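What follows is a single structure, written as structure tokens, with notes after it.
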Number of protein chains: 2
Amino acid sequence: MSDYEIFDAGDVVLQKGATLRDAKLAYKTYGTLNAKKDNVIIQPTWYSGHHTDVEWTIGEDQALDPRQYFIIVPNMLGNGLSSSPSNTPAPYDKARFPHVTACDNVRLQHRLVTEVFGIERIKLVTGWSMGALQTFHWGCLYPDMVERIVPTCGSAKCSRHNFVFLEGVKAALTADDAWKGGWYEKPPTKGLRAMARVYAGWGFSQTFYRVEEDLKLGFSSLEDFLVAFWEGFFIHKDANNLLAMLWTWQNGDIGDNELYGGDFKKALAGIKAKAIVMPGRTDLYFPPEDSEIEVANMPNAELRVFESYYGHFASSFLNPADVAFQNEAIREILAS
Amino acid sequence: MSDYEIFDAGDVVLQKGATLRDAKLAYKTYGTLNAKKDNVIIQPTWYSGHHTDVEWTIGEDQALDPRQYFIIVPNMLGNGLSSSPSNTPAPYDKARFPHVTACDNVRLQHRLVTEVFGIERIKLVTGWSMGALQTFHWGCLYPDMVERIVPTCGSAKCSRHNFVFLEGVKAALTADDAWKGGWYEKPPTKGLRAMARVYAGWGFSQTFYRVEEDLKLGFSSLEDFLVAFWEGFFIHKDANNLLAMLWTWQNGDIGDNELYGGDFKKALAGIKAKAIVMPGRTDLYFPPEDSEIEVANMPNAELRVFESYYGHFASSFLNPADVAFQNEAIREILAS
């Protein structure tokens with residue numbers, strides 16, 4: 001018994017050349033599509049997250065209110081629910097899973113939205129982190145369809161520093177011999193735990209740790225936070241899935257498609273949607289400076305920064321003040 | 001033929017209980033000790049660096065001018081020249097090398113300075129990164145001996161975030177099965193390279209990578225920078241040495257000794273030396289906020305920030321503007 005639907009997309013030719021045969025897009029919807037089909041919100045998932053991980057943003061007390069909106073959460077390829085290294089049959093299984101771009105993801109999501117639901121207009125796309133990457137893609141790939149976007153703590157293109165951060169994450173995971181180049185039978189747990197520890201320093205800000213926010217969140221010590229929160233998250237993930245999505249992240253670039261021919265600024269300029277771009281002031285891998293550059297090149301965008309020491313997690317459920325700030329921005333743009 | 005001297009310290013009882021028998025402190029001096037013995041500068045080394053790595057700061061065109069000053073560079077325990085896992089005989093060799101604190105290091109350096117040279121006054125202690133950690137220790141352990149300190153891009157205590165960053169570095173190195181808990185015969189090169197890649201994101205700022213400063217420094221691509229600069233540095237280091245110094249770093253705390261009984265602020269207040277504390281504006285693991293807290297608790301200190309996008313490397317030789325800024329501060333404090 002799963003709590004989500006599958007869109008059977010058939011054979012999908014990917015941007016980098018491979019064909020993902022019998023492609024599956026797992027998704028879940030919340031609320032009801034109205035008769036005019038003009039109450040649609042799309043929320044793509046973040047790195048390794050499932051639709052269940054973003055459900056906290058949806059509710060009667062949240063900006064994404066299912067009484068009013070029809071909210072579609074498509075699971076990113078590689079996340080273990082949609083087609084992924086862990087669930088794709090041979091020969092494209094495991095380490096041989098093909099390279100998938102954010103563009104591939106969003107084009108597949110577009111097929112879901114149009115072929116399954118017959119939707120022609122999208123009121124809002126919003127997402128956190130790699131969800132923001134997909135949100136930007138929605139804006140520039142379907143500029144006449146997407147009315148509003150709110151990307152949070154993410155970017156339209158993987159910056160060089162962000163790329164380097166991910167090289168460290170990848171190197172830690174793959175340093176474990178048990179990874180076996182991706183052909184493991186048992187999970188490379190040492191590598192997964194190492195990856196988690198590398199991630200821990202990047203996820204939250206220096207101030208977060210200085211003021212012992214981890215303890216305030218209920219963890220009994222710093223080490224408990226590293227084990228229970230960080231290792232506890234990654235240890236249950238499939239290593240090849242993580243590496244597949246990491247490739248998607250590192251190669252994220254809204255300009256890298258035939259519409260924009262590699263021209264990043266042209267792609268930003270192509271986003272017609274009204275936008276509120278929301279970086280976190282202390283996000284260590286999506287610093288607000290990158291968002292400023294994006295907003296300066298978008299025709300209809302506002303920069304609105306989470307003034308928070310939660311770092312990349314300013315757009316998570318952890319900090320009530322950040323949650324309120326995000327809800328306010330989304331309510332405001334939906335009302336405009 | 002070595003270019004440095006060895007101070008044979010005999011059996012040294014360490015702060016955490018072990019005895020480092022036949023302890024060796026490798027050091028090099030530059031310039032001439034004057035008759036009054038009042039022209040002494042000490043520059044401790046940084047994480048995994050040797051005295052040769054700080055020699056660029058010493059010269060007739062630098063603030064540390066050997067025509068005027070007698071400069072002593074003591075090599076940190078664990079760095080491969082002073083007593084280290086790689087050169088200590090059994091049974092305290094390799095993975096069994098004892099835990100050494102920054103306090104142990106500085107007390108040993110104090111013995112060198114007093115027993116070998118009969119020095120009673122120190123004009124200046126300065127150092128980068130873990131060299132700054134030792135510089136702070138000099139100030140609080142020997143407040144009546146040390147006249148001036150200039151710690152750069154470092155701290156008097158390892159912050160919780162810095163600790164987490166180092167957990168990631170350590171996890172990447174030790175994820176390699178070839179590490180064998182420290183009992184390797186061949187170097188765990190995969191782990192050393194992984195550690196280097198983790199470090200790469202932390203060492204320089206987001207802006208450094210955004211403006212492609214790595215290419216301006218002469219590297220042919222981002223990957224070339226990761227391999228040639230980062231892997232090229234760590235691949236030649238001994239893994240146990242790196243882990244020993246990492247322990248020293250993670251456990252650095254000027255308050256953690258019988259003089260101050262664990263009271264960090266009391267230890268800061270105990271530093272009588274005139275101080276210029278120099279963090280880097282974009283240093284990701286020693287952010288200026290930590291230095292501000294230190295300076296606020298020191299009786300005679302000024303905060304002077306490298307306004308640089310070189311991150312932690314603002315205090316390295318890489319950026320001429322930063323070098324000039326640092327020389328100016330050191331010349332100014334020496335003249336005061």
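Gyration tensor analysis over the Cα atoms of the range B:139-270 returns equivalent ellipsoid semi-axes of 32, 22, 12 Å (largest first, whole Å).
How large is the charge dipole for the range B:8-102, taken about the Cα centre, if only the Cβ atoms of Lys, Arg (+1) and Asp, Glu (-1) carry charge, to the nearest 20 debye?
Working: 9 positive and 10 negative charges, 74 e Å.
It comes to approximately 360 debye.
Label separation (A:Ala18 vs A:Arg121): 3.9 nm, computed from points 7 Å beyond Cα along the C-beta direction. Per atom type, chain A shows carbon and sulfur on 51% of its accessible surface, probed at 1.4 Å. Given R0 = 41 Å, the distance between the Cβ atoms of B:Lys180 and A:Arg111 translates into a calculated FRET efficiency of 0.20.
For a quick check of your reading of the filter: which GluC sites (Glu not before Pro) in the range B:1-106 sit in a DSSP loop and have no more than 13 other Cβ atoms within 10 Å?
B:Glu60
For the range B:1-139, the Stokes-Einstein estimate of translational diffusion at 37 °C and a viscosity of 0.692 mPa s comes to 216 µm²/s, using the Kirkwood hydrodynamic radius over alpha-carbon pairs. With 10 Å bins beginning at zero, the pair-distance distribution over Cα atoms of chain B amounts to 6, 27, 36, 25, 7, 0 %. When the C-alpha to C-alpha distance is required to be over 30 Å, the pairs from A:Lys170/A:Lys272; A:Lys180/B:Lys94; A:Lys36/A:Lys272; B:Lys216/B:Lys274 that qualify are A:Lys170/A:Lys272; B:Lys216/B:Lys274.
Pick out, from B:Pro98, B:Tyr199, A:Ile149, the residue whose Cα sits farthest towards the positive end of the charge dipole of the protein assembly as shown, with +1 on the Cβ of Lys and Arg and -1 on the Cβ of Asp and Glu. Toward the positive end, the furthest listed residue is B:Pro98.
Label positions at A:Glu328 and A:Glu5, each projected 7 Å from the Cα along the C-beta direction, are separated by 3.6 nm. The range B:51-106 and the range B:148-179 have Cα centres separated by 18 Å. For the protein assembly as shown, place one equal point scatterer on every Cα, skip the solvent, and apply the Debye formula. What is log10 of I(q)/I(0) at q = 0.05, 0.07, 0.10 Å⁻¹? The computed values of log10 I(q)/I(0) come out as -0.26, -0.50, -0.93.
Histogrammed with a bin width of 5 Å, the alpha carbon distances of the range A:122-187 distribute as 4, 16, 17, 14, 12, 11, 12, 8, 5, 1 percent, first bin at zero.
Scaled against the 2.2 N^0.38 Å expected of a compact globular protein of N residues, the Cα radius of gyration of the range B:97-212 reads 1.36.
Which one, A:Asn241, A:Ala228, A:Ile276, projects farthest toward the positive side of the charge dipole computed for the range A:204-336 from Cβ point charges (K/R +1, D/E -1)? Among A:Asn241, A:Ala228, A:Ile276, the one farthest towards the positive end of the dipole of the range A:204-336 is A:Ile276. Each Lys and Arg Cβ is given +1 and each Asp and Glu Cβ -1; about its Cα centre, chain A then shows a dipole of about 540 debye. Computed from point charges on the beta carbon alone (+1 for Lys and Arg, -1 for Asp and Glu), the dipole magnitude for the protein assembly as shown about its Cα centre is near 460 Debye. Label-to-label distance, B:Leu259 versus A:Lys266, with points set 7 angstrom from Cα along the beta-carbon direction: 6.5 nm.
Note that the range B:241-296, at 20 °C in a medium of 1.002 mPa s, gets a Stokes-Einstein diffusion coefficient of 166 µm²/s from its Kirkwood radius over C-alpha pairs. Computed from protein heavy atoms with a 1.4 Å probe, the total accessible area buried between B and A is close to 3000 Å². In terms of overall dimensions, the C-alpha atoms belonging to the range B:250-336 reach 41, 32, 18 Å along their principal axes, ordered largest to smallest.
The values are calculated or read from the model by the stated rules, or taken from the named source; none is laboratory data. Predicted model, so just to flag it, every value in this text is computed and none were measured. Cβ coordinates were reconstructed from backbone atoms using ideal geometry, including for glycine residues, and neighbour counts include every protein chain displayed. For the accessible areas, the whole protein counts, side chains as well, though only heavy atoms, and no ligand, DNA or RNA atoms are used. Shrake-Rupley method; radii C 1.70, N 1.55, O 1.52, S 1.80 Å.
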